[in-house]
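Okay, so here's the structure we're looking at.
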Amino acid sequence: MGSYTTCAVYVGLCIGATTWGVLADIIGRRIAFNMTLLIGGVFGFAAAGAPSWVGIAALYACLCLGVGGNLPVDGALFLEFLPFASGGLLTMLSVWWPVGQLVASLGLYPNWMLTKPSQYLLSCGRQAEAVAVVHCLAAENKTKTWLTEDILNEVCGDTKATPTGTKLSKSKIIRRQLEKFSREGYLSQAGKTGKPTPLNITYRNYAITSIIGVPGSIIACYTVDIKGVGRKGTMAISTMLSGVFLYLFTISADSNYQLAFSCLEAFFQNIMYGVLYAYTPELFPAPNRGTGSGIASLVNRLAGLCAPIIAANARGNPNVPVYLAGALFLIAFLAM
């Protein structure tokens with residue numbers, strides 16, 4: 001379902017980019033800018049309380065009508081208020097992407113650390129807490145569990161810690177029940193392969209890559225005005241390196257290795273996207289800047305729409321979407 005949710009997001013982004021890009025040239029930048037923010041805010045709050053997956057997908061699509069429309073409009077609006085000599089500041093706007101990601105990841109990171117894994121609690125002899133965790137996970141997934149502390153004590157015996165895990169390993173029924181309602185069990189049943197990454201580690205890594213992405217946007221703001229490099233040079237170099245690091249990311253499954261290349265990828269992609277979203281509106285004349293930026297953004301979103309479709313149909317090799325993305329980055333570099 002995650003792939004289809006992403007599809008809904010990109011459908012909204014595609015429609016929003018073209019609709020509000022054109023409207024910005026007709027009704028004015030200010031009205032279009034404010035309306036896209038309003039749409040994004042209203043449907044963002046609504047999506048948080050969606051009762052079902054269908055509701056989430058629909059509200060995400062509506063949310064992205066505003067988000068997709070805001071990006072081409074705010075670039076055009078900001079550029080038209082800047083002196084020509086300060087055009088590089090438009091690149092600095094991209095710094096808010098990693099900052100926003102950082103705020104979101106730091107907000108979620110502590111929440112995932114509050115619940116200890118039920119398997120760990122059992123190994124420490126903390127059976128009552130393990131049962132509470134399983135019931136909590138069952139409630140979150142809108143299901144029920146037959147597990148009680150009495151049943152657990154009957155199967156596992158006393159509550160003393162068993163460092164070797166021998167008593168726990170004999171209790172296959174209990175282990176299966178714990179796995180069924182644990183987040184790791186859910187991920188394994190959803191089709192993931194290998195050992196899932198704990199969610200606190202996922203959000204920790206997300207925060208780290210977001211922090212590394214911030215200086216990328218700042219550096220891009222200065223390199224675009226360097227003689228001999230400029231906008232095209234900065235964008236070409238960062239695009240090439242983004243493609244290279246995507247390929248290098250797939251070489252090893254080691255978590256530290258992948259985190260390192262995720263950070264490098266985030267750094268250079270923030271440079272690339274910062275320049276791209278600044279350079280694009282500069283190419284169009286003011287009367288048609290919203291429409292031109294909207295169409296360019298549409299092409300970007302259409303490529304993004306293909307990503308979850310490719311990922312959903314390439315289950316045999318999870319690296320296929322990464323290979324394709326890396327190839328597109330390198331093709332874009334050669335086209336410059």
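The values are calculated or read from the model by the stated rules, or taken from the named source; none is laboratory data. These numbers were taken from a predicted model, which means no experiment stands behind them. All Cβ positions, even for glycine, are placed from backbone atoms using ideal geometry, and neighbour counts span all protein chains on display.
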Fill in the blank from the handout: Residue set VAL67, VAL54, VAL42; condition buried (at least 20 other Cβ atoms within 10 Å of the Cβ) and under 21 Å from CYS14 (Cβ atoms); output residue VAL67
Fill in the blank from the handout: Scanning the range 228-248 for residues that are modelled with pLDDT of 90 or more, of a type outside the set (Gly, Ala, Ser) and crowded, with 19+ Cβ neighbours inside 10 Å gives THR234, MET235, THR239, LEU241, PHE245, LEU246
Exercise for the section: With respect to GLY75, determine if the residue is in the same structural domain as GLY16 (by TED's automatic domain parsing), under 19 Å from LEU37 (Cβ atoms) and either part of a loop (DSSP other than H, G, I, E, B) or touching a Gly at 6+ places or on another chain (Cβ under 9 Å) (or both). Expected result: no
Handout entry: Hits in the range 27-42 (condition: among the polar types (S, T, N, Q) and touching a Gly at 6+ places or on another chain (Cβ under 6 Å))
Key = THR36
Exercise for the section: Report, by residue number, each residue of the range 52-81 that is among the hydroxyl-bearing types (Ser, Thr, Tyr) and under 17 Å from GLY304 (Cβ atoms). Expected result: TYR60
Completion exercise
Out of (1) touching a helix residue (DSSP H, G or I) at 6+ places or on another chain (Cβ under 8 Å); (2) under 18 Å from THR291 (Cβ atoms); (3) modelled with pLDDT of 90 or more, the one ILE26 does not meet is (1)
Fill in the blank from the handout: Counted residues in the range 31-67 being in contact with a Ser or Thr (Cβ under 7 Å, 6 or more places away or on another chain) and within 18 Å of ARG301 (Cα to Cα) come to 3
Problem - Selection count where residues are farther than 15 Å from LEU93 by Cα, at pLDDT below 90 and in a helix (DSSP H, G or I), scope the range 259-284 - result: 1
Practice task
Evaluate the following for ARG289: is it within 29 Å of GLY12 (Cα to Cα), more than 18 Å from the chain's Cα centre (by Cα) and basic (Lys, Arg)?
Solution key: yes
Completion exercise
Selection over the range 223-242 where residues are of a type in the set (Lys, Arg) and either within 25 Å of ALA327 (Cβ to Cβ) or not assigned by TED's automatic domain parsing to the domain that holds TYR279 (or both) yields a count of 2
